[in-house]
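Any read-out appearing in this document is the output of simple, stated calculations on the displayed coordinates, not a laboratory observation. These numbers come from a predicted model, not from an experiment. No Cβ is skipped: glycine too gets one built from the backbone with ideal geometry, and neighbour counts run over all protein chains shown.
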Amino acid sequence: MSDNSPYFFIKEFSSEELIKILVNKVRELRASKEKAEELNTRLQDNMARLEEAQDELSDQKDKMQVKMTELENAKRELANQRDKLQIEIMNKTQELLKSERLSAIGNLSARVAHDLRNPLSVIQNTSQILKMRLESNLDDKAREQWTRLDRAIYRMSHQLEDVMDYVRISPLKKKDYSLCVILQDVVERIVTPDNVEIHLPENDKEIFCDPEKLEIVFVNLIMNAIQASENKKGMVSIGIFDDPQDNNNVLVKVSDTGIGISDDTLSKIFEPLFTTKQIGTGLGLSSCKNIIEQHGGTITVTSVIGKGTTFTIKIPKKSEWNSLSKNEDAIQTESA
Ligand SMILES: Nc1ncnc2c1ncn2[C@@H]1O[C@H](COP(=O)(O)OP(=O)(O)OP(=O)(O)O)[C@@H](O)[C@H]1O
Ligand SMILES: [Mg+2]
């Protein structure tokens with residue numbers, strides 16, 4: 001073997017030595033291979049665990065995102081609730097301030113109305129006496145001026161009555177009374193213009209109520225119905241019905257064929273001092289509401305613009321106070 005041969009190093013070892021070296025090398029290689037395989041297995045294990053952890057993490061991430069969305073929704077809902085509450089508090093505060101102001105105005109108006117009623121009735125009576133005395137000497141112009149004076153006096157006394165009806169929340173003087181009689185008295189009291197027909201109910205119901213207070217209610221409702229007809233032909237129909245939902249109540253419906261009420265206005269009509277009329281005080285319907293609520297009833301309204309309006313009064317036939325007082329009577333009679 002020449003020095004240029006690629007196997008030059010072999011010449012330094014004997015063949016036994018070479019075999020030994022080779023066997024050792026093979027052993028070393030096998031050990032390395034086993035270690036590499038072991039490492040590989042561990043690596044694969046770790047990779048699998050890592051993948052599991054990654055899946056778990058992405059699961060957690062998804063859950064977190066759902067939670068975050070839920071939290072954000074809850075936060076938004078809370079903010080909405082807070083805004084609503086703030087608006088509600090603001091409205092309630094304003095209502096409270098308004099009712100305080102109204103109660104102060106109410107007290108003052110009651111006093112003024114009360115003090116004005118007497119001098120006004122003196123003016124009214126004196127005007128009538130003078131008119132009777134001077135009637136024959138009056139020319140057309142003076143007669144017209146006198147009519148204007150009478151109209152002004154009527155308007156003032158109507159407004160004073162309205163104020164008094166509204167502020168005078170006196171205890172009810174209840175008795176068993178026919179609704180038809182109350183309605184007939186009311187229709188006789190008011191002046192019905194020729195363009196309006198009033199239809200009274202044909203049936204009747206007796207209820208335990210304060211007839212004078214209910215007269216105030218029906219005068220207001222019928223006057224409003226007449227005014228809603230403006231100068232056109234109109235009809236006001238009043239009906240008495242059993243309440244289909246509760247046999248202890250009676251329903252009285254006052255319907256007209258007048259101008260109707262817009263949705264916007266409808267929510268305000270029971271508020272004191274709300275009026276759309278030039279010479280209205282806006283106390284009529286709030287007095288009605290007070291009186292009906294004092295009787296333990298309710299008053300509601302439905303309306304169609306251009307077609308007409310219906311007010312429905314629901315009133316107990318016998319209030320609890322009645323049954324109590326009757327029981328007391330019975331107890332007293334028994335013990336007597
Ligand atoms: N039958 C009706 N048809 C149409 N609008 C009505 C009717 N009844 C009430 N309204 C509306 O409700 C408002 C309030 O009525 P309310 O009786 O309280 O006061 P008013 O009639 O204006 O004044 P007044 O104190 O002289 O009665 C009226 O101004 C009117 O706009
Ligand atoms: Mg009115």
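Taking the Cα centre of region 176-323 as the origin, how large is its charge dipole in debye, to the nearest 20, when only Lys and Arg (+1) and Asp and Glu (-1) carry charge on their Cβ atoms? Please report the intermediate quantities before stating the final value.
Numbers: 13 positive and 21 negative charges, 82 e Å.
It comes to approximately 400 debye.
Scanning the chain for GluC sites (Glu not before Pro) that sit in a DSSP loop and have at most 15 other Cβ atoms within 10 Å, the longest stretch containing none of them is 1-201.
Give the residue from 23, 249, 221 lying farthest towards the positive end of the charge dipole for the chain; charges sit on Cβ (+1 for Lys and Arg, -1 for Asp and Glu) and the dipole is referred to the Cα centre. Looking along the dipole axis, the top candidate is 221.
Ordering 203, 280, 238 by the projection of their Cα atoms onto the charge dipole of region 176-323, which places +1 on the Cβ of Lys and Arg and -1 on the Cβ of Asp and Glu, puts 280 at the extreme positive end. Find how many whole Å separate the alpha carbon centroid of region 251-322 from the alpha carbon centroid of region 140-216. Answer, in whole Å: 15.
Here each label is just a point 7 Å from Cα along the line to Cβ, and for residue 307 and residue 82 those points are 4.6 nm apart. For the Cα atoms of the chain, what angle does the longest principal axis make with the long axis of helix 15-134, in degrees from 0 to 90, nearest 10? Helix 15-134 sits at roughly 10 degrees to that axis.
Look at the dipole of region 1-115 built from charges on Cβ: of 53, 40, 106, the Cα furthest out on the positive end belongs to 106.
Between 0 and 90 degrees, the angle of helix 211-228 with respect to the longest Cα principal axis of the chain falls at about 80 degrees.
Specify, per residue and in Å³, the volume enclosed by the convex hull of the alpha carbon atoms belonging to region 1-152. Show your work: numbers first, answer last.
On the way: hull volume 42.2 nm³, N = 152.
For region 1-152, the hull spanned by Cα atoms encloses 278 Å³ per residue.
Distance between the pseudo-spin-label points of residue 44 and residue 178 (7 Å out from Cα toward the beta carbon): 10.7 nm.
What's the magnitude of the charge dipole for the chain around its Cα centre, counting Lys and Arg as +1 and Asp and Glu as -1 at the beta-carbon? Answer in Debye, nearest 20.
1060
What FRET efficiency comes out for residue 26 versus residue 51 if R0 is 41 angstrom and r is the Cβ-Cβ distance? Round to the nearest 0.05. Can you show the working numbers first?
Values: r = 36 Å, r/R0 = 0.89.
Here the calculated transfer efficiency is 0.65.
Once the Cβ-Cβ distance of residue 37 and residue 60 is raised to the sixth power relative to R0 = 35 Å, the FRET efficiency obtained is 0.55.
With 20 Å bins beginning at zero, the pair-distance distribution over Cα atoms of the chain amounts to 19, 34, 15, 8, 7, 7, 8, 3, 0 %. For the pair residue 75 and residue 94, label points projected 7 Å from Cα toward Cβ lie 3.1 nm apart.
Stretch residue 151-residue 202 to full length: gain in nm at 0.36 nm per residue minus the Cα-Cα span? Could the numbers behind the result be given before it?
Working: separation 51, 0.36 × 51 = 18.36 nm, distance 3.43 nm.
Here the segment from residue 151 to residue 202 would lengthen by 14.9 nm.
Prolate is the label for region 176-323. Its Cα gyration tensor axes, ordered a ≥ b ≥ c, give a/c of at least 1.5 and a/b above b/c.
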